[in-house]
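Worksheet: the structure to be examined is printed underneath.
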Amino acid sequence: LTNVICLPIILWAIQVSTSKTALGVYFLYVGIYFTVYFLRDRALNIAFLRLVAKWSFVCLLVPPLLMLMFYGADLGKVSSTLFSLQDRIDNTWPGPFRTVAEIFPAGVVFGCGLGCFSYPMDYTALADYNLPLDNFYMSTLIMMGMPFILFIAMQFLMVRHARDPVKLSLMTMFNFYSITIQCYGP
């Protein structure tokens, strides 16, 4: 009852903040919440949440696929609302990888270290190179390097062993949320 009472308050707070990603995740959460509520059977709930959590990892492929398909295209001609997406495809997402490749080529494989291409970079001599890389997984990949892909693969594989509905729900929502949010901040 408390959750249902709080849903309109949460919706209002998100709308005031104008965060489209948070609004999308809110509706995803409401859908998951009510599906689990009406299923009632714990085994069905866990099976459903595992399935949704596994499929949420598809979100991690969205930015690389968009870069491959639409890099250099002019999505602004299709709709002016796609200008922000075009900027992400052409500049925000690939930019840090180009910069690391120029400054520290091994960093593309091994990472450039914690804090590079997130807010701590603004306090270093490399502040002019900082780009607003607004994707958690891409930010972490640039900082940790290719070994981070193993972490993601293990996380995906371990979903089948998870039994906690809260952890499965949070994993799903985080994968959706982190597409356009860096999640590193002061």
Next item on the list: State all residues of the range 143-164 that are open to solvent by 40 Å² or more (accessible area, probe 1.4 Å), assigned to a helix (DSSP H, G or I) and not aromatic (Phe, Trp, Tyr); if no residue qualifies, say none.
Entry: 144, 147, 149, 150, 153, 154, 155, 157, 158, 160, 161
Notebook entry, point to check: Of the residues that sit in the range 29-70 and are of a type in the set (D, E, K, R) and farther than 15 Å from residue 171 by Cα, which one is nearest to the chain's Cα centre (by Cα)?
Noted result: 42
Note to self: Against the definition (open to solvent by less than 70 Å² (accessible area, probe 1.4 Å), modelled with pLDDT of 90 or more and not hydrophobic (A, V, I, L, M, F, W, C)), how does residue 105 come out, yes or no?
What the structure shows: no
Next item on the list: Enumerate the helices (runs of 4 or more DSSP H) found wholly within the range 22-97, keeping only those where 2 or more residues are within 22 Å of residue 157 (Cα to Cα) and open to solvent by less than 40 Å² (accessible area, probe 1.4 Å).
Entry: 42-56
Next item on the list: Taking residue 105 as meeting all but one of (1) in contact with a Phe, Trp or Tyr (Cβ under 9 Å, 6 or more places away or on another chain); (2) not in a helix (DSSP H, G or I); (3) not aromatic (Phe, Trp, Tyr), write down the number of the exception.
Entry: (1)
Notebook entry, point to check: Name the residues in the range 1-21 that are among the aliphatic types (A, V, I, L, M), assigned to a helix (DSSP H, G or I) and farther than 21 Å from residue 84 by Cβ, would you?
Noted result: 4, 5, 7, 9, 10, 11, 13
Notebook entry, point to check: Looking at the range 7-21, which of the residues that are surrounded by 11 or more Cβ atoms within 10 Å (Cβ to Cβ) and hydroxyl-bearing (Ser, Thr, Tyr) is farthest from residue 135 (Cα to Cα)?
Noted result: 19
Next item on the list: Six or more apart or on different chains, Cβ under 8 Å: which pairs go from a residue in the range 120-134 that's closer than 15 Å to residue 100 by Cα to one that's hydrophobic (A, V, I, L, M, F, W, C) and not in a helix (DSSP H, G or I)? Could you list them?
Entry: 126/116; 130/117; 131/117; 133/93; 133/117
Item checked: Pairs, first within 19 Å of residue 63 (Cα to Cα) and touching a residue at least 40 places away in the same chain (Cβ under 8 Å) in the range 96-111, second open to solvent by less than 40 Å² (accessible area, probe 1.4 Å) and of a type in the set (Val, Ile, Thr), C-beta under 6 Å, six or more apart -> 96/142
Margin query: Residues that are modelled with pLDDT under 90, farther than 27 Å from residue 93 by Cβ and touching a helix residue (DSSP H, G or I) at 6+ places or on another chain (Cβ under 7 Å): does the range 48-58 have at least one?
Written below: no
Note to self: Quick check on the range 117-142: of everything there that is open to solvent by less than 30 Å² (accessible area, probe 1.4 Å) and either over 16 Å from residue 181 (Cα atoms) or small (Gly, Ala, Ser) (or both), which residue is modelled with the highest pLDDT?
What the structure shows: 139
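The values are calculated or read from the model by the stated rules, or taken from the named source; none is laboratory data. Bear in mind that the values here come from a model prediction, so they are computed numbers and not experimental data. When we count neighbours, we look across all protein chains shown, and the Cβ atoms used for this are built from the backbone with ideal geometry, even at glycine. Just so you know, the surface numbers come from the protein's heavy atoms only, side chains and all, with ligands and any DNA or RNA stripped out. Shrake-Rupley method; radii C 1.70, N 1.55, O 1.52, S 1.80 Å.
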